[in-house]
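Bear in mind that the values in this text are calculations on the coordinates, not laboratory data. Everything quoted here is computed from the prediction, not taken from an experiment. Glycine also receives a Cβ, built like all others from the backbone with ideal geometry; neighbour counts cover every protein chain displayed.
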Amino acid sequence: MNTGSSTVRLTTAQALVRWMTSQRSELLDGTEVSLFAGVFAIFGHGNVLGLGTALHEAGERLPTWRGQNEQGMALAAVAYARATDRRQVMAATSSIGPGALNMVTAAGVAHANRLPVLLLAGDTFAGRAPDPVLQQVEHFGDPTVTVNDAFRAVTRYFDRVTRPEQLLATLPHVARVLTDPADCGPVALALPQDVQAEEWDFPEAFFAPRVHRVPRARPDRDAVRSAAETVRSAERPLLVIGGGVRYSGAAAEAVAFAEAHGVPVVETVAGRTLVPHDHRLYGGALGIVGSASANTLAAEADVVVAVGTRLQDFTTSSWTGFSSGVRLVSVNAARFDAVKHGAEEVVGDARETLVELSSALAGWTAPPAFAARAATVKAGWDAEVDRLRAGVALGVLTYAQVTGAVNDASGPDDYVLTASGGMPGELHGGWRTGKVTPGATSGATMDLEYGFSCMGYEIVAPWGAAMARSRTHPDGLVTSIFGDGSYLMLNSELYSAAFAGVPFVAVLCDNAGFAVIHRLQTGQGAEGFNNLLTDARGPGAAAGLTVDFAAHARSLGCHVETVADGDLNGFGSAYAAARAAAVAEQRPAVVVCRVAESAWTESGAWWETGTPQSLSGRAAYEEGKARQVRWT
């Protein structure tokens, strides 16, 4: 092959790694960094000799971190990307078969949340000589199919590299998908183990350093003009900001838009912590696990400007959160999201579109009554959160008390995260954002993984998030808050983080089971079944069989603090000690406390779940269905 330039002979794996080390990116403040910050790896026969050798040769140019569980380390990679606002990517590599399939869940998390991650899965032999090999699943009618084809359903880009030279065609698309605001998501490359070791003469020019600057697509002028006309007609306009505002670095522009035109602003789960809690136009967190104040504003708004959000059910309260006559203007980098539910679409970068839309609205401000209404309902919600944080006489702590204590102790460089169970409602609905300080990142200080709501994410995500933020916010600390169910599901990466010397705080709230699903179950009239430890089958319930979480976390290499039941002051002291120990000892610190299984922060919103006719919750289900807005 005539490449038109000098060549270098490399294995497929060496070429892939060398290409990765030459890709660059820019943080939001323009600082140039490596696009690929490193690789999480668990080696097996499908990747240890080919890719493993190439990674070892790369050394510090592409650091490799050892994981204990493929799903866990891949989820840590996803959290790393979120913590950098999608400006840097971690890769994760596994062997073939079970190791590869363990990463499929992480791909689902990345896909649902529009986050970049590169998954490098070992595959069966392209030459097929030794078939069937160890860990191969044979498909009787199609020998080209392997378990790695499972990634197709949960990735934005999938390729099986069966020839070394295919890298020349596929890797530019890998970089495109990982850095494109509209198409961003997980990429999976299936790497047959014989192809990993196969050599080819690659053009040297292929490995020239390249900076991937995230494009900022400007919106169509006519679309902006039309959207401005719609907004001008509003009596009660509402600005909804989502993850797209975060990843665009547009928090300041969103607040400026609200201030210039007197429009109340609320946040989605992915857009959380972009607006200071005490801002005069802030109405709260929107949705089912959000605030009653934001939900009230959404129900009363006549025009909603939704920026950078895919409007999932937990944002729209299963599409009962808006009035039947609402007009929706949707600003999104992805046309796929912008056109949902009959919205008036404006396709473009959040920052640039907010600036242009504000310019088109020059001289217009909304009637002041709705902003005053926002201040009133938010004050009411603040009073409710204050009441919940003060606690109730239950003998144990509540989630609201734990959240309040962590919130009060956190500074502007700190970062908090969760994903599943009851804690998303406490963080989304009850967390109070202080000063927002954009710089290398958007200024967001929360990772609330409620796109896929993957149990276990909150145990492993702080490993990746803390690695990322140690570079952008060295004076800050990551804290994760979660329940006992999540801990038992995926705790092995606490050891990985301890082994790697990565400090963060993990707050383990023990409510003896899957309490939030128990609440959903019994709240709809069903009997408690198989969620709490007390209503699960087996002698363990009667025997009171529990886990010594403190001893377990300690055995994984973590510093541990415990809290006496119901002792809020004791929790504050334990959390402060854990923060100090994590930093001093450079390892995770775990705070273990018991919490009530029945005390929650409630927004009053409706969530559609399949409810049988035989349950008492069916009446509320039918009432909610009648209120659903199917088209705006």
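Take each of the peptides 181-189, 572-580, average the number of other beta-carbon atoms within 10 Å over its residues, and list them starting from the highest.
On the way: 181-189: 23.9, 572-580: 18.7.
Answer by packing, highest mean first, reads 181-189, 572-580.
Quick one: the Cα spread of the chain along its three principal axes, in angstroms, biggest first?
For the chain, the Cα extents along the three principal axes come out at 71, 69, 52 Å.
Roughly what % antiparallel, to the nearest 5, for the DSSP beta bridges in the chain? Can you show the working numbers first?
On the way: 9 of 77 bridges.
Around 10 percent antiparallel, to the nearest 5.
Between Ala217 and residues 5 or more places away or on another chain, which pairs have amide H atoms under 5 Å apart, with H built 1.01 Å from N, and which residues are they?
Excluding prolines and chain starts, which carry no amide H, the hits are Asp349.
What is the Cα radius of gyration of the range 361-457 over 2.2 N^0.38 Å, N being its residue count? Mind showing how you got there, number by number?
Working: Rg = 16.6 Å, N = 97, 2.2 N^0.38 = 12.5 Å.
Compactness ratio reported: 1.33.
Give me the net charge for the shell around Gln136: Cβ to Cβ below 15 angstrom, other residues only, Lys and Arg +1, Asp and Glu -1.
Net local charge, Gln136 excluded: -4.
With a Förster radius of 60 Å, plug the Cβ-Cβ distance of Arg335 and Asp567 into 1/(1 + (r/R0)^6) and report the FRET value to the nearest 0.05.
Working: r = 53 Å, r/R0 = 0.88.
Given R0 = 60 Å and the Cβ-Cβ separation, E is 0.70.
Under 14 Å from the Cβ of Asp484, count the other residues' Cβ atoms, weight Lys and Arg +1, Asp and Glu -1, and hand me the total. Mind showing how you got there, number by number?
Details: positive: Arg594; negative: Glu458, Asp510, Asp548, Glu597.
Net charge in that neighbourhood comes out at -3.
What residues qualify as long-range amide H neighbours of Gly287, i.e. H under 5 Å apart, gap of 5 or more or another chain, H built at 1.01 Å from N?
Asn295
Mind running the shape call on the range 29-85? Use the C-alpha gyration tensor, a ≥ b ≥ c as the square roots of the eigenvalues: rounded below 1.5 for a/c, prolate if a/b tops b/c, oblate otherwise. The partial results should precede the final answer.
On the way: a/c = 3.43, a/b = 1.41, b/c = 2.43.
Oblate, since a/c reaches 1.5 and b/c is not below a/b.
As a test of the definition: which semi-axes, in Å, follow for the range 312-392 when you take the square root of five times each eigenvalue of its alpha carbon gyration tensor? Largest first, please. All intermediate terms of the calculation are to be shown ahead of the outcome.
Numbers: eigenvalues 179, 76, 37 Å².
Gyration-tensor ellipsoid for the range 312-392: 30, 19, 14 Å.
Run down the lysines and flag those whose C-alpha is under 26 Å from the C-alpha of Lys435, throwing out any fewer than 8 positions away in its chain.
The qualifying lysines are Lys378.
Among 394-400, 423-429, 339-345, what's the highest-first ranking by average C-beta atoms within 10 angstrom per residue?
The peptides rank, most packed first, as 423-429, 394-400, 339-345.
Could you run the Karplus curve 6.51 cos²θ - 1.76 cosθ + 1.60 with θ = phi - 60° over the range 153-167 and give me ³J(HN,Hα) per residue in whole Hz, x for Gly and Pro?
The phi angles translate into 6, 10, 10, 7, 8, 9, 8, 10, 8, 9, 9, x, 5, 5, 4 Hz.
Less than 14 Å apart at the alpha-carbon level, and either on another chain or at least 8 residues along: which aspartates and glutamates does that give for Lys340?
By straight Cα distance, Lys340 reaches Asp313.
Computed over the Cα atoms, what is the radius of gyration of the range 168-210 divided by 2.2 N^0.38 Å, N being its residue count? Show your work: numbers first, answer last.
Details: Rg = 12.9 Å, N = 43, 2.2 N^0.38 = 9.2 Å.
Compactness ratio reported: 1.40.
Rounded to the nearest Å, what's the spacing between the alpha carbon centres of the range 239-269 and the range 555-624? Just the number, please.
First find each Cα centre; the distance between them is then 29 Å.
Would you tally the net charge around Leu417, using a Cβ to Cβ cut-off of less than 9 Å, leaving Leu417 out, and scoring K and R as +1, D and E as -1?
Numbers: positive: Arg82; negative: Asp447, Glu449, Glu458.
Charge balance in the 9 Å sphere: -2.
Tell me, what is a quarter of the convex hull surface for the C-alpha atoms of the range 488-632, in nm² with one decimal? Don't jump to the answer; show the numbers that get you there.
Details: hull surface 50.5 nm².
The orientation-averaged projected area of the Cα hull of the range 488-632 comes to 12.6 nm².
Could you calculate the contour length gain from Ser614 to Asp278, that is, 0.36 nm times the residue separation minus the distance between their Cα atoms, to one decimal place in nm?
Numbers: separation 336, 0.36 × 336 = 120.96 nm, distance 4.54 nm.
Gain on extension, Ser614 to Asp278, equals 116.4 nm.
Would you mind classifying the range 1-96 by shape? Square roots of the alpha carbon gyration tensor eigenvalues, ordered a ≥ b ≥ c; an a/c under 1.5 is rounded, otherwise it is prolate if a/b is larger than b/c and oblate if not. Each step should come with its number before you reach the end.
Working: a/c = 2.50, a/b = 1.11, b/c = 2.26.
It is oblate, given that a/c is not under 1.5 and a/b is not larger than b/c.
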